[in-house]
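The values are calculated or read from the model by the stated rules, or taken from the named source; none is laboratory data. Computed from a predicted structure; not experimentally measured. Here Cβ is always computed from backbone atoms with ideal geometry, including for glycine, and neighbour counts include all displayed protein chains. Quick note on the areas: whole protein, heavy atoms, side chains included, nothing else; ligands and nucleic acids left out. Shrake-Rupley method; radii C 1.70, N 1.55, O 1.52, S 1.80 Å.
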Amino acid sequence: MIRLNDVSYTYASGTPFERTALFNISMEIGDGEFVAIVGSTGSGKSTLIQVMAGLLPSTGVTSDGRIGLVFQHPEDQLFEESVEAELAFAPKNFGVDGDELNRRIDDAMRQVGLPEEYKSMSPLKLSGGERRRVAIASILSMAPDVLILDEPTAGLDAQSKRKLLETIRRLNEGGTTIIMVTHDMDDAARLARRLIVMHNGRVLIDDAPRGVFRRTELLKEAGLAQPTAMTILARLKQAGVDVSTDALTIDEGEAIIKKCFRI
Amino acid sequence: MFQDITLGQYFPGQSIIHRLDPRTKIFAVFALLIMIFSAATSTEYFFLTALIFFFVLLSKIQMSAVVRSLRPLKWLIAFTFVIHLFSHEGAELFRLGVLTATVDGLRAGLLISLRLMLMIVASSLLTFTTAPLKLTDATEKLLTPLKAVGVPAHELAMMMTIALRFIPTLFEEADKIIKAQKIRGLDIERGNFVKRLKMMVPILVPLFLSAFRRADDLAMAMEARCYRGGEGRTHMKSLEITRLDRLAIAAIALIAGAFVMIRMLSV
């Protein structure tokens, strides 16, 4: 559980470059939730997750359980000579060794779908998508209770992206709390059960995806789009077709259109 | 952890000092350094301190920033002071084992520390009030006459520009990598020296890798835009010596000239 009680954060405080990124944020994220954080560039998303993870000193943040944070392009943080050593780094730092350490490494590799024989390979010799998986596995091996991800799919090809999102979904089903920053409204709508919309360092909306995406005006203010299905339905409605625009996923949208045109 | 570093940090502004041509400012810093090196009496030091303080006021740079610029060298200053305190002959001040602090030592220590501080503040003032790019432009211009003897003025300036451009980027990158490894349980603030050195590996390896990658990308991008050195290259914003610059150069040259003259006469 992570609780934020009236948290603000200012960068370069006391210098001419002072910039406040978060204003009086209060929220609570419970165990097992799947939260997506959305917002335009500079809205405070990255600061918010770093505050949650305890990386930026701020008062009013309480959490229990281990928090794992996967930064954007986490593959840039790999440094060990082998995948196995890379995955062992975090658990070792937290005092895990022996059989438990091996079990953690095997689990993490399985969770991200890395084959056994990759253990001895150098992370630097792998492809971009594989390096991303190693980087995420290197966080999973510390068995976090809460996993925070900053745009985990940025720069991945379609297939790697789908696989990674599937991995994240399964982790959540296994009980891990997921907090994911994303720019992809379709992913947010499809996967998250709670959506936090950030705007200029404040929480603009905090609701279930359906509730969030219904508030067209507020979304526009935050500089965000609606999911693809909603956008298509809204266009149809604009063109004079009498349809409901209440669809989060492509499948829901398809069903509505089929029903409307009786096909 | 990188918030202490202000050396070479530009504070945008519109003060008289900001508006001076960077070449004027480089000249003025040199003149100040010559004066600082030739100063010997307390009166001279007092005059220089007042002069530099006046320049700081003119630049409208916050005092706290000026003080912060001294911080990275605080140990050097303290070390110099202590060495001088104990290494002069004369009336005893106090004793520390075999070491004797003297009144002369105290005076010399204070003046040398002040000299160091004045030098740092004077050169910080240049970088505080001058955009790095202008500074490298000025360096290039000032080095151009040396091209005749084979000094690659443009290339040196370009290297400086690139280095300056990437310092903040590398700091950001280092900050991100440190945070990422902290999440993975890396504790860089504890342990003995060897342990802390070992802790640098997870930070330095990714940092170097990314620096090389960036260098590669940059070289490619420069190639793609047909960069081929300084020949025939012009600047979008040319440096210009204005009336203000001529005035400033004359003033600082007069002050420095008079200062050195008085110094020499009094020997």
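Evaluate the protein assembly as shown: find the radius of gyration of its Cα atoms, find its Kirkwood radius, and give the ratio Rg to Rh.
With Rg and the Kirkwood Rh in hand, the quotient comes to 1.07.
By how many nm would the segment from residue A:122 to residue A:94 lengthen if fully extended, with 0.36 nm per residue of separation less the alpha-carbon distance?
7.8 nm
Give me the extension gain from residue B:73 to residue B:250: residue separation times 0.36 nm, minus the current Cα-Cα distance, reported in nm with one decimal. Can you show the working numbers first?
Values: separation 177, 0.36 × 177 = 63.72 nm, distance 3.22 nm.
Residue separation times 0.36 nm, minus the Cα-Cα distance, leaves 60.5 nm.
Enter the mean number of other protein chain beta carbons within 10 Å of the beta carbon of each residue in A:92-105, as an integer. Could you put the intermediate results ahead of the total?
Values: counts 2, 7, 2, 1, 1, 0, 0, 0, 0, 0, 0, 0, 0, 0.
Partner Cβ neighbours, averaged per residue: 1.
Running Debye on segment B:167-233 with equal point scatterers at the Cα sites and no solvent, what base-10 log of I(q)/I(0) appears at q = 0.20, 0.22 Å⁻¹?
-0.84, -0.94
Report the equivalent ellipsoid semi-axes for chain B in whole Å, largest first, defined as the square roots of five times the eigenvalues of the gyration tensor built from alpha carbon atoms.
Each semi-axis is √(5λ); the values are 37, 32, 16 Å.
Please compute the volume of the convex hull spanned by the alpha-carbon atoms of segment A:211-263 and report it per residue in Å³.
71 Å³
So for chain B, taking the charge dipole from beta-carbon charges (+1 Lys/Arg, -1 Asp/Glu), which of B:34, B:18, B:256 sits furthest toward the positive end?
Checking the options against the dipole of chain B, the answer is B:18.
Taking the Cβ of residue B:80 as the centre, find all other residues whose Cβ is under 13 Å away and add up their charges (Lys, Arg: +1; Asp, Glu: -1).
+2
Of the residues B:117, B:236, B:199, which exhibits the maximal mean-square fluctuation in a Gaussian network model of chain B defined by a 10 Å Cα contact cut-off?
Highest fluctuation among the options: B:236.
Pull out a ≥ b ≥ c, the square roots of the eigenvalues of the alpha-carbon gyration tensor of segment A:112-241, then state rounded if a/c is under 1.5, prolate if not and a/b is larger than b/c, and oblate in the remaining case.
Since a/c reaches 1.5 and a/b is larger than b/c, the shape of segment A:112-241 is classed as prolate.
Expressed as a whole percentage, what fraction of the accessible surface of segment B:1-113 belongs to carbon and sulfur atoms when a 1.4 Å probe is rolled over the protein heavy atoms?
Roughly 71 percent of what the probe reaches on segment B:1-113 is carbon or sulfur.
Ignoring ligands, DNA and RNA, please state the percent of accessible area on segment A:84-239 from carbon and sulfur, probe 1.4 Å.
Heavy-atom surface of segment A:84-239 belonging to carbon and sulfur, 1.4 Å probe: 46 percent.
Hey, in the GNM for chain B with a 10 angstrom Cα cutoff, which one of B:184, B:214, B:19 fluctuates hardest?
Residue with maximal mean-square fluctuation among B:184, B:214, B:19: B:184.
May I ask you to list the trypsin sites (Lys or Arg not before Pro) in segment A:165-211 that are in a DSSP loop and have at most 15 other Cβ atoms within 10 Å of their Cβ?
Details: sites: A:169, A:170, A:190, A:193, A:194, A:202, A:210; in loops: A:193.
Qualifying residues, ordered by number: A:193.
DSSP beta bridges in segment A:112-212, what fraction antiparallel, as a percent rounded to 5?
Close to 50 percent.
If you keep only loop residues by DSSP, which chymotrypsin sites (Phe, Trp or Tyr not before Pro) in segment B:192-264 have at most 16 other Cβ atoms within 10 Å of their Cβ?
Here the sparse-neighbourhood loop sites are B:227.
Give the dimensionless ratio obtained when the Cα radius of gyration of chain A is divided by 2.2 N^0.38 Å.
Rounded to two decimals, the normalised Rg is 1.10.
How big is the charge dipole of segment A:88-160 about its Cα centre, in debye rounded to the nearest 20, if each Lys and Arg gets +1 on its Cβ and each Asp and Glu gets -1 on its Cβ?
With Lys and Arg at +1 and Asp and Glu at -1, about 200 debye.
Taking a 29 Å limit on the Cα-Cα distance, which of the listed pairs A:45/B:198; A:119/B:195; B:74/B:176 fall beyond it?
A:45/B:198, as the Cα separations exceed 29 Å there.
Place a +1 charge on the Cβ of each Lys and Arg in segment A:177-263 and a -1 charge on the Cβ of each Asp and Glu, then give the dipole magnitude about the Cα centre in debye, rounded to the nearest 20.
With only Lys, Arg, Asp and Glu charged at Cβ, the dipole is about 200 debye.
For the protein assembly as shown, what does the helix formula give at 222 nm: sum of -39500 (n - 2.57) over DSSP H segments with n ≥ 4, over the residue count, nearest 500 deg cm²/dmol? Numbers along the way, then the final one.
On the way: 21 runs with 290 residues, N = 530.
Helices in the protein assembly as shown give a 222 nm mean residue ellipticity of -17500 deg cm²/dmol.
If you keep only loop residues by DSSP, which GluC sites (Glu not before Pro) in segment B:118-189 have at most 13 other Cβ atoms within 10 Å of their Cβ?
Working: sites: B:140, B:155, B:172, B:173, B:189; in loops: B:189.
Those that pass, being in a loop and sparsely packed, are B:189.
Of the DSSP beta bridges with both residues in the protein assembly as shown, give the percent that are antiparallel, rounding to the nearest 5.
Working: 19 of 36 bridges.
Around 55 percent of the beta bridges assigned by DSSP in the protein assembly as shown are antiparallel ones.
Rg/Rh for segment A:76-160 to two decimals, with Rh computed the Kirkwood way over all alpha-carbon pairs.
Details: Rg = 12.2 Å, Rh = 13.0 Å.
Here Rg/Rh amounts to 0.94.
Peptide B:169-180: average number of partner chain Cβ atoms within 10 Å per residue?
3
Provide the descending list of Cα extents for segment B:197-267 along its principal axes, expressed in whole angstroms.
Cα extents, longest axis first: 58, 44, 19 Å.
Computed on alpha carbon atoms, what radius of gyration and Dmax characterise segment A:1-116, expressed in Å?
When restricted to the Cα atoms of segment A:1-116, Rg and Dmax are 17.5, 53 Å.
Under a 1.4 Å probe, what is the accessible area of segment B:115-267 per residue, stated in Å²?
65 Å²
Treating the beta-carbon of each Lys and Arg as +1 and of each Asp and Glu as -1, no other charges, what is the dipole magnitude of the protein assembly as shown about its Cα centre, to the nearest 20 debye? Don't jump to the answer; show the numbers that get you there.
On the way: 62 positive and 58 negative charges, 281 e Å.
Dipole size: approximately 1340 debye.
Excluding residues fewer than 8 places away in the same chain, name every one of the lysines whose C-alpha is closer than 16 Å to that of residue B:237.
B:134, B:141
Carbon and sulfur: what percent of segment B:164-267's accessible surface (1.4 Å probe)?
Percent of accessible area from carbon and sulfur atoms in segment B:164-267: 64.
What total accessible area, in Å², is buried where chains B and A meet, using a 1.4 Å probe and rounding to the nearest 100?
2000 Å²
Give me the net charge for the shell around residue A:205: Cβ to Cβ below 14 angstrom, other residues only, Lys and Arg +1, Asp and Glu -1.
After counting each charged neighbour, the total is +3.
If you split all Cα-Cα distances of segment B:106-178 into 10 Å bins from zero, what percentages do you get per bin, shortest first?
All Cα pairs considered, the percentages come to 17, 28, 29, 21, 6.
If you count the DSSP beta bridges with both ends in chain A, what percent of them are antiparallel, to the nearest 5? Write down the numbers at each step before the final one.
Values: 15 of 32 bridges.
Roughly 45 percent of the DSSP beta bridges within chain A come out antiparallel.
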